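Report on the structure given below.
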Amino acid sequence: MPILSARDALEQLREGNRRFVSGTQIRDTNPGHSPPAELEKGQEPLAIILGCSDSRVPAEIVFDQGLGDLFVIRVAGNVVAPSQVGSVEFASARFGTRLVVVLGHSQCGAIMATLEELQQPTQNQSKNLRSIVDRVRPSVERLLESDLKHDLDALVERAVRANVGVSVDHLRHGSEILEQLIQNEGLRVVGAEYSLETGEVDFFDCAQID
C-alpha cells in the first residue's frame, strides 16, 4: 500500500472530525466490534497524534478513526520530552507515517496549572509534576507579562495555542531524524486545537501542506 501523503492524511482527519461533530461517524471504535486480528501483521497509521492526556479528547473518536488508523502519544499538556520525540521518530521512520499533529485543547488543565504555579508557586511540588510545568512555562511566561493577565479566559486561550506552537517547533527542529524526514521524505508537523465546547478541531500552521 503506498504511503499516504501529509496532505491526504490531513484531509482524512478533517473529514473524520466533521463526521464526529455532525454525529455521522462511520467508524466503530469499540474494540469488541472491531477485527483486531486483521492488524496482527502490522500497522500503517495515517497520522501521528501527540495529544493531551485529558479524558475528554480521545483522538480516535474526535477524528472518527478506528484500530490501526492513528499512532497516538498522550501526555498532560501535549508537551514534548525525549520520550515523545523518540515515539514520533519511531512511528515516522518505521511505518512511513507522514503527518504529525500536535493536538491541544481548550481549557487545558495543564496550562491552567502552569499559569497558577507561575502566579502562586507551590511549595514542595512533585518533581514529576514540575517537569510538566517547566515544559509548558516557556510558552506562557511572556503572556503573563502582557495585558492578558487581566483576562483569564483570553490568557488560557492564547496559552493553549502558544504551547502547541512550542511543541510543533520542537518536533520540527529538535531531532535530526525528523528534520531529515521533513526535508527529504515529506514529513509534516502541524498544530491543532480541539474545542471542548463544539467538538471541532482547528488545524493551524499548515502553510507547508495547504
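Observations on the model:
- Against the numbered list (1) surrounded by fewer than 17 Cβ atoms within 10 Å (Cβ to Cβ); (2) at pLDDT 95 or above; (3) among the aliphatic types (A, V, I, L, M); (4) in contact with a helix residue (DSSP H, G or I) (Cβ under 8 Å, 6 or more places away or on another chain), Ala192 comes up short only at (1).
- Tabulated pairs, region 51-75, first buried (at least 21 other Cβ atoms within 10 Å of the Cβ), second among the acidic types (Asp, Glu), C-beta under 6 angstrom, 6+ apart or interchain: Leu70/Glu60
- Taken together, the residues in region 8-21 that are out of contact with any Gly (no Cβ under 9 Å at 6 or more places or on another chain) and surrounded by fewer than 19 Cβ atoms within 10 Å (Cβ to Cβ) amount to 7.
- Considering residues of region 153-179 that are under 16 Å from Asn78 (Cβ atoms) and aliphatic (A, V, I, L, M) only, the residue modelled with the lowest pLDDT: Val156
- Qualifying residue in region 187-209 (condition: under 29 Å from Ile61 (Cα atoms), in a helix (DSSP H, G or I) and in contact (Cβ under 8 Å) with a residue 40 or more places away in the chain): no
- Of the residues contained in region 135-155, one or more are found to be closer than 18 Å to Ser83 by Cα and touching a helix residue (DSSP H, G or I) at 6+ places or on another chain (Cβ under 9 Å).
- Filter result (under 16 Å from Leu13 (Cα atoms) and of a type outside the set (A, V, I, L, M)) within region 92-104: Thr97, Arg98, Gly104
- Selection count, region 76-86, where residues are surrounded by 18 or more Cβ atoms within 10 Å (Cβ to Cβ) and over 24 Å from Thr198 (Cβ atoms): 4
The values are calculated or read from the model by the stated rules, or taken from the named source; none is laboratory data. All values derive from a computational prediction rather than experimental measurement. So basically every Cβ, Gly included, is an ideal-geometry build from the backbone, and we count neighbours across all protein chains shown.
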